[in-house]
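Note sheet for the following structure.
Read the figures in this text as sums done on the coordinates, not as results from a lab. A quick note: this is a predicted structure, and the numbers were derived from the prediction, not measured. Cβ coordinates were reconstructed from backbone atoms using ideal geometry, including for glycine residues, and neighbour counts include every protein chain displayed.
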Amino acid sequence: MTLAIPSPTRAAEAVPAVPPVVGSRLVVPLVDGTRVPYANLDHAASAPCLEAVRDAVDELLPWYASVHRGAGFASQVSTRVLEQSREVLRRFVGAHRTDAVVFTRNTTDSLNLLARAVPGGTSVVLFDTEHHAALLPWRGPRVRRLRTPADADGAVRALDNALAECAAGPRLVVLTAASNVTGELWPVAELAAVARRHGARTVLDAAQLAPHRPVDIGALDVDWVALSGHKLYAPFGAGALIGRADWLRAAEPYLAGGGATASVTDRGDRLAVSWSPGVERHEAGSPNVVGPHALAVACETITRHGWDAVVEHERVLLSRLRAGLATVPGLRPLDLFGADRVGVVSFTVDGLDSGLIAAALSAEHGIGVRDGLFCAHIATERLLRRAGGHEKRAVRASIGLATTAEHVDRLVSALRSLVADGPAAEYHLVDGRWAPVDDPRPLPPFVREVR
């Protein structure tokens, strides 16, 4: 049974054109033997590759070589590409020319690196609703985790009070720009102003913000920004930590190895190591040249296309999505404090297991969403309790450059059908995850069975 969907608010609004992504014409199989265009509504987990990024990687690959110490021409080209990528990232977040750009694997890697670099005795203050990447790296008696209050003003007051009670010495505040559970924007500038007033430094987890809105390290007045290429349409294994260089230059290397050293000499019973004086001490090993280049090209492509179109594209689709979800019986959205948000919506549906919803959306409708606690267990479990109902996990739908109005409408229609009639196929639990019984969907030929 298919139910008619009331037209969402602003249903007639045109969706602005945005940079094209790889896979936008992907067709996936369904359990009934048919195929449909894939509706990717899981951008908050990982975003597809921009076509411009794919083309740039293809252009670079024949020139790929190890960097910094190679005399060969290809090595010189790769070195130049890596270093120009630093400059692009610096401009992308509005960093000062003296600020460091350390290439990492992702935001998690960046925040763990900074956690290793903070001076001894540093007090760290953060909210306990952070993504695990920002929540878990900080350990010790001087770490204070604040409960997220009911509104943004309460967050500012809570941080002000916590910093006033901190012991003397260095202080660091860890902030999230946009919640990966609800998409809501945190009052970063106001929180950073409080931190500055108390002499504290700030690091901003911008993983969920950078693909959706401009990030300006100067306007926000934060000291570091961490972001991930795989969320920024450049899934080639690179992220970045951008900001003040002094703590990074003074810290022991994040990894010990080649590239982090200025010299190593044999002193008989020990090795005498002199580490590189710059932030390259935190980039030991052969650098990932392709990843930083891909990330830089993604940043340049989005900036060149124009943020106004990117933001408006998302605003139109998010309005359509939220209006449509409001028509689904028993659907309970999760909200922190009702703030403006990027294109992320999490919810439960009364009487339907969230994992089963996600499995049915995939198998019967060709829709990709995420279900679970989203690597933010404390935040999600608290919001689930606040929303009411009995579900222990949530469903998350997230919009990106690849999202269309048809994807949004298909999701809403599928949810209404699931509420009215339940899944059309039979499902069972496999290793804790719902899956169709005797799933007939063929994998693509390049995927081999793991034995």
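Quick look at the values:
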read-out	value
Antiparallel DSSP beta bridges within the range 191-319, as percent of all bridges there, nearest 5	75
Ranked packing of 105-114, 73-82, 372-381, most packed first, by mean Cβ within 10 Å	105-114, 372-381, 73-82
Sorted peptide list for 294-303, 32-41, 216-225, criterion being average Cβ within 10 angstrom, highest first	294-303, 216-225, 32-41
Relative contact order (percent, whole number), the range 169-306, Cα cutoff 8 Å, 6+ residue spacing	18
Rotationally averaged projected area of the range 396-448 (alpha carbon convex hull; nm²)	5.9
Ordering of 349-358, 432-441 by packing [mean C-beta count within 10 Å, highest first]	349-358, 432-441
The chain, helix-only ellipticity at 222 nm - DSSP H runs n ≥ 4, -39,500 (n - 2.57), divided by all residues, nearest 500	-10500 deg cm²/dmol
Isotropically averaged projected area of the range 334-429, using the convex hull of Cα atoms (one quarter of hull area), nm²	6.8
Evaluated at q = 0.19 Å⁻¹: base-10 log I(q)/I(0), Debye formula over Cα of the range 60-139	-0.95
Contour excess over end-to-end distance, with Cα ends at residue 386 and residue 304 and 0.36 nm allotted per residue	25.4 nm
Calculated diffusion of the range 52-304, Stokes-Einstein form, Kirkwood radius summed over Cα pairs, 20 °C and 1.002 mPa s, µm²/s	113
DSSP-defined beta bridges in the chain - what % are antiparallel, rounded to 5	65
Cα Rg, Dmax (largest Cα-Cα span) when computed across the chain, Å	23.3, 80
Three principal axis lengths of the range 225-341 [C-alpha, angstrom, descending]	75, 33, 24
Residue exposure sequence - 446, 103, 337, 236 - by fewest surrounding Cβ within 10 Å	446, 337, 236, 103
Spin-label pair residue 429/residue 269, simplified geometry with 7 Å Cα→Cβ offset, distance in nm	5.9
q = 0.16, 0.20 Å⁻¹: log10 I(q)/I(0) that the Debye formula gives for the range 1-129, counting C-alpha atoms only	-1.16, -1.38
